[in-house]
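S.K.: Quick one: the structure is below, and I'll ask about it shortly.
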Amino acid sequence: MSAHTASPTEFVRTAPVVAHHFDDWEQQYESCVLGIWAFLVSEVMFFGGVFATYAVYRGLYPVAFAHASQHLDVYLGTFNTFVLLTSSLTMALAVRAAHLGRSRQVGLMIALTIALGAAFLGVKFYEYFHKYEQGLMPLLGLPFNYVGPAGQGGATQLFYGLYFAMTGIHALHMIIGIAIMGLFIPGALRGKYAGGNSLSVEVMGLYWHFVDLVWIFLFPLLYLVDRSL
Amino acid sequence: MSTTAQPGLSVYIKVYLLLMLGLAATVGVAFIPLGRLNLPVALAIAFAKATLVVLFFMHMSDSHGANRLVFVVSLLFLLVLLAGVFGDLLTRAEISLPSGAPTFDPPEIPLPPRH
């Protein structure tokens with residue numbers, strides 16, 4: 001990240017800031033980008049564990065999973081996938097704007113990304129509330145009403161447990177991402193990202209695209225289980 | 001990753017349109033009865049979409065070797081995890097049960113008592 005000099009000159013500089021423990025701008029850039037990739041690797045393993053759990057139980061109870069998945073709304077799921085992929089585009093354009101030194105455009109594109117992310121979360125929480133009303137929320141000792149095919153209620157409960165766990169930690173990642181993106185906007189409007197000071201925007205973008213990647217796999221695995229049967 | 005040569009706007013728009021195509025394919029294919037092939041096809045489309053995002057939105061196509069290595073190795077780790085889990089799961093019954101017992105008959109999980 002860029003160094004904090006706490007002097008008023010920070011916003012009128014035209015060259016990118018290099019922290020004192022780096023030799024030059026290139027080295028700082030490469031180190032930070034490698035750092036966020038290493039973090040994303042740990043995220044791959046974090047989500048990998050949940051996906052492995054899902055794979056095991058889907059392998060053991062394919063019928064219960066197919067039945068339970070029918071109760072998720074494909075239209076809302078598709079709409080949310082569309083929204084999140086679009087937010088990845090606006091994020092990519094924010095990074096591009098930062099590389100081109102167009103600071104106000106960075107702010108605009110990040111604001112759009114935040115709006116799309118918030119829309120995704122809004123739909124998600126509407127879905128959660130709907131599941132709560134239907135009694136399909138196996139959390140906190142809430143009543144679970146769905147029995148599923150031929151007494152496979154336990155396996156159905158597993159599906160919804162996994163649904164809330166996987167989409168929940170995904171939504172948590174989005175909330176964190178949106179909160180951090182909000183911090184970029186005042187600086188962007190003041191011209192902080194002009195003059196090639198693009199590193200933090202690039203790092204933010206990599207995180208946001210990763211959240212998108214996770215959803216690309218979650219959507220077919222949760223919403224579209226054996227829909228053709 | 002160079003700040004001097006930026007990919008043009010059209011690259012991002014094209015990748016986005018391909019992702020939309022992938023989304024349409026994901027939903028469309030899910031409703032076509034392919035039997036056991038539905039899951040592999042859905043995963044293949046998801047991997048194609050993920051590859052587009054990683055290569056172009058995350059600039060892996062234009063990235064340094066270290067970044068590529070780190071990310072690809074994470075996928076190998078993931079494979080090791082899945083291999084261990086499924087290696088155990090798929091052989092457990094054969095090893096622990098006497099011969100002649102059904103090898104892949106999932107037990108019913110009893111529901112905890114609810115009030």
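Just so you know, all these numbers are worked out from the coordinates, no wet-lab data involved. Given the structure is predicted, the values throughout are model-derived calculations rather than measurements. Glycine also receives a Cβ, built like all others from the backbone with ideal geometry; neighbour counts cover every protein chain displayed.
S.K.: May I ask you to compute the full-extension gain from residue A:76 to residue A:169, defined as 0.36 nm times their residue separation minus their alpha-carbon distance, rounded to one decimal in nm?
M.R.: 31.6 nm
S.K.: Under 23 Å Cα to Cα from residue A:124, which lysines show up? Leave out anything in the same chain fewer than 8 places away.
M.R.: B:49
S.K.: Rounded to the nearest 0.05, what FRET efficiency is calculated for residue B:48 and residue B:10 with R0 set to 22 Å and r the Cβ-Cβ distance?
M.R.: Step by step, r from the Cβ atoms, then E = 0.65.
S.K.: At 20 °C and 1.002 mPa s, what whole-number value in µm²/s does Stokes-Einstein give for the translational diffusion of region A:57-180, with Rh from the Kirkwood sum over Cα pairs?
M.R.: In µm²/s, the coefficient is 131.
S.K.: Under a crude label model (7 Å from the Cα following the beta-carbon direction), how far is residue A:30 from residue A:145 in nanometres?
M.R.: 6.1
S.K.: Local charge sum around residue A:167 (other residues, Cβ-Cβ under 11 Å, Lys/Arg +1, Asp/Glu -1)?
M.R.: Summing Lys and Arg as +1 and Asp and Glu as -1 gives +1.
S.K.: Then there is this: Summing +1 for each Lys or Arg and -1 for each Asp or Glu, what net charge is found among the other residues whose Cβ lies under 14 Å from the Cβ of residue B:68?
M.R.: Once positives and negatives cancel, what remains is -2.
S.K.: How high is the relative contact order of region B:8-73? Use alpha-carbon pairs under 8 Å, at least six apart in sequence, and give a whole percent.
M.R.: About 32 percent, as a whole number.
S.K.: With chain A treated as a Gaussian network of Cα nodes joined by springs under 10 Å, which of A:173, A:21, A:130 yields the largest mean-square fluctuation?
M.R.: Among A:173, A:21, A:130, the largest GNM mean-square fluctuation belongs to A:21.
S.K.: Helix-only mean residue ellipticity at 222 nm, chain A, DSSP H runs n ≥ 4 weighted -39,500 (n - 2.57), per residue, nearest 500. What is it?
M.R.: So the calculated ellipticity at 222 nm is -25500 deg cm²/dmol.
S.K.: Could you work out the relative contact order of chain A? I mean the mean sequence separation of Cα pairs under 8 Å and 6+ apart, divided by the number of residues, in percent.
M.R.: Rounded, it is 34 percent for chain A.
S.K.: Could you calculate the FRET efficiency of residue B:61 with residue B:36 from 1/(1 + (r/R0)^6), where r is the beta carbon distance between them and R0 is 35 Å, rounded to 0.05?
M.R.: 0.55
S.K.: Could I ask something else about it? Hey, for a label at residue A:104 modelled as a point 7 Å past Cα toward Cβ, could you say which residues of region A:171-195 have their backbone N under 14 Å away?
M.R.: Counting backbone N atoms under 14 Å from the label point, the list is A:188-194.
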